[in-house]
Amino acid sequence: MDEFESARADLDRYLQQVGELNARYRAGGIHVRVPEALAGDEPLEDLVRRLLPASSAALAGAARSLFFSLPVAFDPALSVGPYLATVDRAPDGDPYRFIDMGAMIATHALGENDPGVVEALLREMACVTSRYAHSEYQTALSLRLKARLDRIAPAGTPRHFMVNTGAEAVENAIKAVLLNRVKTSGEPDGGFIVSFEGAFHGRTLGSLAVTHRKKARLGFPTFEWPHVSFPALDGSDRENARREERSLKQLWISWSRVFSRKRTGGGRASAASSKRSTGSWRGRARDALAFVAARRAEQSADLLKRSRRVAAVLVEPIQGEGGVRMTSASFMRRLRLLTRIFDVRCCSTRSRPAGARPGAPGRTSTSICRCHPTPWCGRRRRKTACCS
Ligand SMILES: Cc1ncc(COP(=O)(O)O)c(C=O)c1O
């Protein structure tokens, strides 16, 4: 008897379904489809209970879970492209389908059941079912992945480090930048990390310190580090520019004054000097290195010394916790310039590189930039904390 017979039959069925679904999708045959009555005035929960009973039953069966956000259960096997299939079926037997505007919080940039992704994952089945990456035990797959990361990393990125979850990536990035400060500043502790209002970086104690929502941190012993405003792009150009300016100033002030050990007296940053430091950075600095060197030369020795208390700035270019909030590329460039002038690490986290799956290893990558205004990350499966 072949002990894999039934698994093989299931896999064949699934692959055939993936092929057919993709053919339908590519021929324009898949559309959003929800029960018509879903547009009614009843509360959404009531509508879902009545119109999507299979979803409701699946959710009720897992009711002891801590978090539910959407009151719908999806069927990954029948989802395709940006269309999430529900476990509920329409009268003709096809699932209802929602369009996933958030690409599963950016985990599915290539869409659901993309044939290339399915094929690549199945090829590595042997590695996926066993432990396939660990610092002690290297495998052909983990080494191939690391070699690939080495190849695509921008020059000047000497190290990468693999972990399993977003929170772990952030946690290790925090440790890396604090350790860097201990080693380079002569201080006994690594200083602090500045993050942004609205930020979410995971549920471990360390990542809670850089997560903004007070409720998430309530009662837990974590660090009280500063959060500055996030310049979300949702106003006029003028308003956006004003917000960006304000964020940069808050950042600059947070390390030049608020967290200074000497809070008063000489060397305290004045509003005028902060304006000088950030106000003239609009547009592209043609020669970033020369610009950074010139601005650095303008700073007082005392301020440069105090800025060494700042281990890093941690930013999500696209926030997801309170709705999708983006900032501009120009803000990211100016943020990078500011951190380079003061030799502060700039950690950028993005939720979930393409190909990674919720509930499985590999959703968030964190990069720590030293030399490069453009952060980078590995693309597939594992989280990376790329340290330079
Ligand atoms: C930006 C960001 N960082 C970290 C995390 C935590 O990731 P994980 O749930 O994999 O620990 C998330 C999760 O949503 C996230 O969006």
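Taken together, the values in this text are just the output of simple stated rules run on the coordinates, not laboratory data. Predicted model only: the values in this text are computed from it and were never measured. Ideal geometry is used to build each Cβ from the backbone, glycine not excepted, and the neighbour counts take in all protein chains shown.
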Using r as the Cβ-Cβ distance of D237 and S6, and R0 as 51 Å, what FRET efficiency do you calculate, to the nearest 0.05?
-> 0.30
Chymotrypsin sites (Phe, Trp or Tyr not before Pro) lying in DSSP loop within the range 1-92, provided at most 12 other Cβ fall within 10 Å | F4, F67, F68
Roughly speaking, what is the stretch gain from R203 to R26, that is 0.36 nm per residue apart minus the C-alpha to C-alpha distance, in nm to one decimal?
-> 59.8 nm
Efficiency of FRET from Cβ geometry, E36 and A60, R₀ 25 Å, rounded to 0.05 = 0.55
Residue-span extension gain [A290 to I318] - 0.36 nm each, minus C-alpha spacing = 7.2 nm
Added length on full extension, which subtracts the Cα-Cα distance from 0.36 nm per residue, S229 to L179 = 15.4 nm
Could you give the nm distance between label points at T129 and L218, where each point is 7 Å from its Cα heading toward the beta carbon?
-> 4.6 nm
Placing +1 at every Lys and Arg Cβ and -1 at every Asp and Glu Cβ, with all other atoms neutral, what dipole size does the range 1-78 have around its Cα centre, in debye to the nearest 20?
-> 200 debye
How many angstrom separate the Cα center of the range 24-76 from the Cα center of the range 84-153?
-> 23 Å
Please find the FRET efficiency linking D46 to A297, where r is the Cβ-Cβ separation and R0 is fixed at 45 Å, and quote it to the nearest 0.05.
-> 0.10
By average Cβ neighbour count within 10 Å, what is the ranking of 295-308, 104-117 from highest down?
-> 104-117, 295-308
